[in-house]
Amino acid sequence: MVLTRGWSMTTGTWARSYEEIIDVLTENLGALEKKLESLSEADWSRPTRLQPPNPDNPPWSVLQLAGHMDFFMGMVMGLVGEPQSVPPIMDRSSFGMCVADRANVAPAVYQIMIDHTAGHTPATILDAVRSTFKQALAAIDGTPRDTVGPAFFGPMRLDELVITRVVETTIHGIDLTDAVGEAPLHLPRACTMTAEVLDDILARRWLPGRPADLADDDLAFVRAAAGRGEHPDPRLPLVG
């Protein structure tokens, strides 16, 4: 049983309404779609800064990163489409802790995206992303929040999966703008929610409390905690 609740179960994202979380996810998806639509032909082939699990392999391209967005939002339909009469084994933070198992998870995820985007062009992957984003939001809207279904690492409630989609879209939005040399998308609510989940993971894995220099900077904390920026604190990164 992986499901545990940490020190902040009545604070941070645990204290936020499900409606607010869905609203932030909707905002994130719209911003990502708009940014993908604005890319030049050359942008789609740019390498991301993500380090592949095997250093001999190339990093994902922007097109493959977009394929990952299509894949991780498709998990919503996977959960909704296969409801299960079992207790969930993960919540928002323990899901992130499973993702952090880079040795076991990263090689599979890296290859899945290579295969998932094989044969795609910028136009076809953009169409796929648009369709998946729309279907995911419709599935969330039409399904009880306490529905339990498969979520890559095991059974999970829909509402817990939804907040992990906020985290994914926020972090991979940073990857997208980093790859094309632009400032991060202006999504302050999403950044704060993502930082709150990472705060909870930090408390569960180590001790609560960000490094002092990141205490009031959600974006810098998200970067450091997700391995998108260097920091001397030995507890970081937490995921990525």
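The values are calculated or read from the model by the stated rules, or taken from the named source; none is laboratory data. Computed from a predicted model, the values in this text were never measured in an experiment. Quick reminder, even Gly has a Cβ in these numbers, built from the backbone with ideal geometry, and neighbours come from all protein chains shown.
Here R223, R157 are screened, and the one residue that is among the basic types (K, R), crowded, with 21+ Cβ neighbours inside 10 Å and more than 15 Å from the chain's Cα centre (by Cα) is R157. Inspect all residues belonging to the stretch 182-199 and state whether any of them is modelled with pLDDT under 95, surrounded by fewer than 16 Cβ atoms within 10 Å (Cβ to Cβ) and charged (D, E, K, R). No. Of all residues in the stretch 80-98 being crowded, with 21+ Cβ neighbours inside 10 Å and within 16 Å of the chain's Cα centre (by Cα), which is farthest from G181 (Cα to Cα)? Only one residue fits best here, namely M90. Selection of the stretch 167-193 for residues being over 23 Å from P47 (Cβ atoms) and not hydrophobic (A, V, I, L, M, F, W, C) yields H186, P188, R189, T192.
The criterion of at least 2 residues that are aromatic (F, W, Y) and in contact with a strand residue (DSSP E or B) (Cβ under 9 Å, 6 or more places away or on another chain) is met by none of the helices (runs of 4 or more DSSP H) falling completely within the stretch 75-149. Residue pairs whose Cβ atoms lie under 6 Å apart, separated by 6 or more positions or on different chains, with the first residue in the stretch 50-62 and without any contact (Cβ under 8 Å) to a residue 60 or more places away in the chain and at positive phi and the second surrounded by 11 or more Cβ atoms within 10 Å (Cβ to Cβ) and not in a loop (DSSP other than H, G, I, E, B), do not occur. Put simply, of D70, D43, D56 the only residue that is part of a loop (DSSP other than H, G, I, E, B) and either among the charged types (D, E, K, R) or at pLDDT 95 or above (or both) is D56. The condition of being closer than 25 Å to V62 by Cα and of a type in the set (D, E) holds for only one of D141, D101, D146, that being D101.
Looking at D175, is it farther than 29 Å from E37 by Cβ and either in a loop (DSSP other than H, G, I, E, B) or in contact (Cβ under 8 Å) with a residue 40 or more places away in the chain (or both)? Break it down into steps so the answer makes sense when it comes.
Details: farther than 29 Å from E37 by Cβ: no; either in a loop (DSSP other than H, G, I, E, B) or in contact (Cβ under 8 Å) with a residue 40 or more places away in the chain (or both): yes.
So D175 does not fit the description; no.
Every condition in (1) at pLDDT 95 or above; (2) under 19 Å from the mean Cα position of the chain (by Cα); (3) buried (at least 19 other Cβ atoms within 10 Å of the Cβ) holds for T177 except the one numbered (3). Among all residues of the stretch 196-206, there is none that is closer than 21 Å to I163 by Cα, part of a loop (DSSP other than H, G, I, E, B), under 13 Å from the mean Cα position of the chain (by Cα) and hydrophobic (A, V, I, L, M, F, W, C). Scanning the stretch 200-210 for residues that are without any contact (Cβ under 8 Å) to a residue 40 or more places away in the chain and either surrounded by fewer than 17 Cβ atoms within 10 Å (Cβ to Cβ) or of a type in the set (A, V, I, L, M, F, W, C) (or both) yields L202, W206, L207, G209.
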